[in-house]
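The values are calculated or read from the model by the stated rules, or taken from the named source; none is laboratory data. Just so we're clear, the structure is a prediction, and the values are computed from it rather than from any experiment. Methodologically, a virtual Cβ is constructed for each residue, glycine included, from the backbone with ideal geometry; neighbour enumeration extends over all protein chains shown. Side chains are part of the model used for accessible areas, which takes the heavy atoms of the whole protein and leaves out ligands, DNA and RNA. Shrake-Rupley method; radii C 1.70, N 1.55, O 1.52, S 1.80 Å.
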Amino acid sequence: MNPDRLIDTFLDLVAIESPSFHEAPMAAHCARLLAELGFSVELDDSAPRTGSDSGNLIARLPGTAPGRLALSAHLDTVRPCAGITVERAVVPGADLGSAYADEGDVEVLRSAGDTILSADDKAGIAAILEGVRATLEAGAPRPDLTVLLTAGEEESLRGSSALAADALAWPADLPSACVADGGAAGAGAPGEGPLPCYVLDADGRPGTVIVGAPCHWTMDAVFHGRAAHAGVEPEAGVSAIALAAAAVASMALGRVDEATTANVGVIDGGSAVNVVPAACRVQGECRSLHPERAEAQRDAMTLACEQAAALGGGSVEMAWHRDYPAVLVGEDDPLVTRAMAAARAAGLEPRLARTGGGADANVLGEKGAHAVTLGIGMANFHSVDEFIAVADLEADARWVEALIAAYAE
C-alpha cells in the first residue's frame, strides 16, 4: 500500500463534484482508473430509472486463483459539495470524540468548513482502488474481482435498487479463475451461491463490520378537510392541518424499541392564514432490524392517520413505499468471519456493530450478492465538520488488500 498515492487518489476524487444524480464525471474518472488497472468496465442502463446522468459502474477483473469477491462504494455525495477545500491538520484526539480520545495527536483530512469533505463515500472508493493496485503490484494471488460503484445511494439507495437481477453475474465471455478451476461462473450460478460483497460505506473505525442494518419504509399521507373563511365561518371548515396534527400527536415516534425507530419529518399544508386548510401532506418513515416490527409500526402509523381523519370529519389518502430490506447477519457467517480475519491481518481490531441507517448492502442481497457494510472511519459525515483520520484511510486500503488475499482460495 502506497500512502502518498492513496491520499493523492482521495484528493483527486474529492475535487470532482458529484451530488446525487450528477455522478457522470465521477463515474468517468473511476472508469478510466479501473480500466488502467485491467478491469473490464461498463455502466448499466439504470440512469433513466433513477434520474441520474450516470448508470451504476460495474468493473470486473479475472482472478489468478479460484474465488470471487465484490467490493462496493457509491459515486454520489450529499450537498454542499461544490468547490470542496481539504485541510490536512494534526488535532488532539480528545477533540475528535471518544473513538480517538486515547490516541494523542491525530492527523486528519477535513473540510475547511463550508462544504462536506465527501469521505462518504470517496474514502471507500480510494481504499478500493489502492487495495487493488497494491495487490496487482505485489503479484499476489487474487480471486475474480468485481467493483461496483453505485449512483444515487444517498437518495434511498436508488442506484443499487435499479440494478438488474443478473447485474453481478460474471459474463460468459470474460475469463474466470473459478471456471478455469472447474467451478461455475457468475453471481448466483449453480453451486456457487451469492457473490460475497463488502460495501465500504459506514462510520466506525476500520475493522468494524456492520452485521445489522434496518429495513426502511417511507410514508406519504394526504389529509383532506374542507376549506372555509377562518374569520367569517370557521365552523364550516375542517382543518386538514388539525387532522394531521392529531394523527402525529397520537403516533409512537422516535426510538420505539431497541431495534425500531419512527419519524415524521415533513408537514406541508394550507394556502393562507385566513383560510381553513383543505389539504395537508405528512411524510414520515419507520425502520427496524426486524421486518415484522417495521410492518407493525407502519400499520400503527396508518391507523393513527385514519382514526384522526375520521374523528375530525375529514379523510386521508395513505401511501407507503418500502425503500430497502433489512440486513441481519450472524456473527459466525463466513462473510463476517473472513472480514474479521482480514481486519486482523491488516493490523486492525475487528468489531461487530449494528446501525440505524441503510447502505447498498441492504439492497444487494436481492441482486445476487451476500453483502455487509464495513466501517471506514468517516466521521461527522453529511456535515461541514466531516473528517477522516489519515491513519484510518490507510487502514481501509490495507483491509481491502487483506480481503482480496482472504478470498484467493
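Some values worked out for this structure:
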{"read-out": "Residue count, region 233-259 (criterion: more than 28 Å from Ser288 (Cα to Cα), in a loop (DSSP other than H, G, I, E, B) and either touching a residue at least 40 places away in the same chain (Cβ under 8 Å) or not acidic (Asp, Glu) (or both))", "value": "2"}
{"read-out": "Asp44 being crowded, with 17+ Cβ neighbours inside 10 Å, acidic (Asp, Glu) and closer than 22 Å to Val363 by Cα", "value": "yes"}
{"read-out": "Members of region 105-117 found to be open to solvent by less than 70 Å² (accessible area, probe 1.4 Å) and assigned to a strand (DSSP E or B), listed by number", "value": "Val106, Val108, Leu109, Ser111"}
{"read-out": "Single match in Gly191, Gly152, Gly159 (criterion: more than 30 Å from Pro92 (Cβ to Cβ) and at pLDDT below 95)", "value": "Gly191"}
{"read-out": "Residue list for region 149-175, filter: among the aliphatic types (A, V, I, L, M), open to solvent by less than 50 Å² (accessible area, probe 1.4 Å) and part of a loop (DSSP other than H, G, I, E, B)", "value": "Ala151, Leu157, Ala162, Leu163, Ala164, Ala167, Leu168, Ala169, Leu174"}
{"read-out": "Close pairs (8 angstrom Cβ cut-off, 6 or more residues apart or separate chains): more than 21 Å from Val147 (Cβ to Cβ) in region 12-29, open to solvent by 40 Å² or more (accessible area, probe 1.4 Å) and in a helix (DSSP H, G or I) anywhere", "value": "Glu17/Pro25"}
{"read-out": "Condition met for Asp102 (closer than 25 Å to Ala164 by Cα and either open to solvent by less than 10 Å² (accessible area, probe 1.4 Å) or touching a Gly at 6+ places or on another chain (Cβ under 9 Å) (or both))", "value": "no"}
{"read-out": "Residue among Gly284, Gly270, Gly237 that alone is crowded, with 18+ Cβ neighbours inside 10 Å and more than 32 Å from the chain's Cα centre (by Cα)", "value": "Gly237"}
{"read-out": "Leu136 vs. criteria in contact (Cβ under 8 Å) with a residue 12 or more places away in the chain and surrounded by 17 or more Cβ atoms within 10 Å (Cβ to Cβ)", "value": "no"}
{"read-out": "Out of Ala47, Ala28, sole residue that is under 20 Å from the mean Cα position of the chain (by Cα) and either of a type outside the set (Val, Ile, Thr) or at pLDDT 95 or above (or both)", "value": "Ala47"}
{"read-out": "Condition broken by Ala262, with the remaining ones in (1) open to solvent by 30 Å² or more (accessible area, probe 1.4 Å); (2) assigned to a strand (DSSP E or B); (3) not hydroxyl-bearing (Ser, Thr, Tyr) satisfied", "value": "(1)"}
